[in-house]
Amino acid sequence: PPCRGLASLRGRTAVVTGANSGIGKMTALELARRGARVVLACRSRERGEAAAFDLRQESGNNEVIFMALDLASLASVRAFATAFLSSEPRLDILIHNAGISSCGRTREPFNLLLRVNHIGPFLLTHLLLPRLKTSAPSRVVVVSSAAHRRGRLDFTRLDHPVVGWQQELRAYANSKLANVLFARELATQLEGTGVTCYAAHPGPVNSELFLRHVPGWLRPLLRPLAWLVLRAPRGGAQTPLYCALQEGIEPLSGRYFANCHVEEVPPAARDDRAAHRLWEASRKLAGLGPGEDAESDEDSQPEDPGTPSSPSSPHPEEPTVSELYPSPQSSTDRSTVTCRIPVKAELEPQAC
Ligand SMILES: NC(=O)c1ccc[n+]([C@@H]2O[C@H](COP(=O)([O-])OP(=O)(O)OC[C@H]3O[C@@H](n4cnc5c(N)ncnc54)[C@H](O)[C@@H]3O)[C@@H](O)[C@H]2O)c1
């Protein structure tokens, strides 16, 4: 059953990454049903637009839009942030849902799993922080996994390419540990700002995440089994939604949730020194310069909607996609919206 304690989200804006399928799509649907403006941040325009269409139909909420984001490309993350900040006056909920469990046939000279699952979200959070702060109380949810319990971070090889399924399994667990440590350090850095953050485990969910990488001939055999033993994506969305919407969990900022409960994590996932070290390493891998801290919202206020990114950007792969973004379709003037998230207190969240 769905978690209780969810509020009306009229007047608020949410971003869900990887929202064209699985857990992300169901998360976005529930946010749209509650009246939020929902930005589906997806890699493929075709699949993202199709999902936005489905979600508008299903929720009856026209404020569901697609914006292009490829977390494997730092330039794409920057282009997304520039376009978002140009067109969206609020950001109340940022859900880092997108993730991969394998590199597929891609051969990158870096650790693609860490890039998509952690470094891209790290950079995106950093760039959107000014908007989260001016929309506070606001929240960041990092969709992690129980696999973080098997994770181990080797800071000397963090960005080494991953080869073969055994390394991929390890790299997946490591990236999910990075998610838990990131939420922990982010909470520390954001103390007192009104922005809180949480790591969420959706449970074992029947999605394409792992099946996508299984040989085609094996999938028909595994699908029925997956339906029997795994949660449907809607069930998987409940803990991320809980972390995004449940009022009263702010003192638990930085913690890890599963089944809509806060859960203890192993020592490696509550090691504050490792969390801080990861933060510094992530800054470098995300290409953030020493002086490039999250600016104030006034400073980062957009030039023109649709303008790509600052020409003085030090990032050579810089944007090619931002003018593709549609401007907001709302008929209301959102710059005047001042409401805040969670409205309804529900302090016994246990019915999940
Ligand atoms: N399915 C499970 O059992 C399970 C368990 C624990 C955690 N999770 C986590 O839940 C999250 C959602 O996974 P899911 O099960 O819904 O799988 P999914 O494959 O349906 O969803 C992943 C989404 O991420 C998107 N994505 C992949 N690479 C991207 C990129 N470079 N840029 C932008 N988007 C990208 C995909 O297009 C897809 O929409 C993931 O972070 C995953 O690690 C899933």
Rounded to the nearest 10 Å², the accessible area of C42 using a 1.4 Å probe with every protein chain kept is 0 Å²
Once all protein chains are kept in place, E46 shows an accessible area at probe 1.4 Å, nearest 10 Å², of 150 Å²
Unit-weight point scatterers at every alpha-carbon of segment 207-294, Debye formula, q = 0.15, 0.16, 0.19 1/Å: log10 I(q)/I(0) is -0.92, -0.96, -1.01
Answer in debye to the nearest 20: the dipole magnitude of segment 13-290 about its Cα centre, from +1 Lys/Arg and -1 Asp/Glu charges placed on Cβ, is 520 debye
Per the charge dipole of segment 13-290 (beta-carbon charges, Lys/Arg positive, Asp/Glu negative, Cα centre), the residue among A19, F84, V195 reaching farthest to the positive end is A19
Sorting A50, Q238, G60 by the position of each Cα along the dipole of segment 13-290 (Lys, Arg +1; Asp, Glu -1; all at Cβ), the one nearest the positive end of that ordering is A50
With the 8 Å Cα cutoff and a minimum separation of six or more residues, segment 64-174 has a relative contact order in percent of 35 percent
Probe 1.4 Å, all chains present, heavy atoms only: R34 accessible area in Å², nearest 10, is 50 Å²
When every protein chain stays in place and a 1.4 Å probe is rolled, V163, V195 sorted by accessible area with the largest first are V163, V195
Here segment 13-290 gives, from Cα atoms, an Rg and Dmax in Å of 17.4, 53
Magnitude of the Cβ-charge dipole (Lys and Arg +1, Asp and Glu -1) of segment 1-76 about the Cα centre, nearest 20 debye, reported as 280 debye
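With a 1.4 Å probe and all protein chains kept in place, how do T239, T106, T156 rank by accessible area, largest first?
Working: T239 0, T106 60, T156 110 Å².
These residues rank, largest area first, as T156, T106, T239.
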Over all pairs of different Cα atoms in segment 160-261, the reciprocal of the mean inverse distance gives a Kirkwood radius in Å of 15.7 Å
Percent antiparallel among DSSP beta bridges confined to segment 13-290, nearest 5, equals 10 percent
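The values are calculated or read from the model by the stated rules, or taken from the named source; none is laboratory data. Predicted model only: the values in this text are computed from it and were never measured. Don't worry about glycine lacking a Cβ; one is built from the backbone with ideal geometry, like all the others, and counts go over all protein chains shown. In case anyone asks, the SASA skips ligands and DNA or RNA and just uses the protein heavy atoms, side chains included. Shrake-Rupley method; radii C 1.70, N 1.55, O 1.52, S 1.80 Å.
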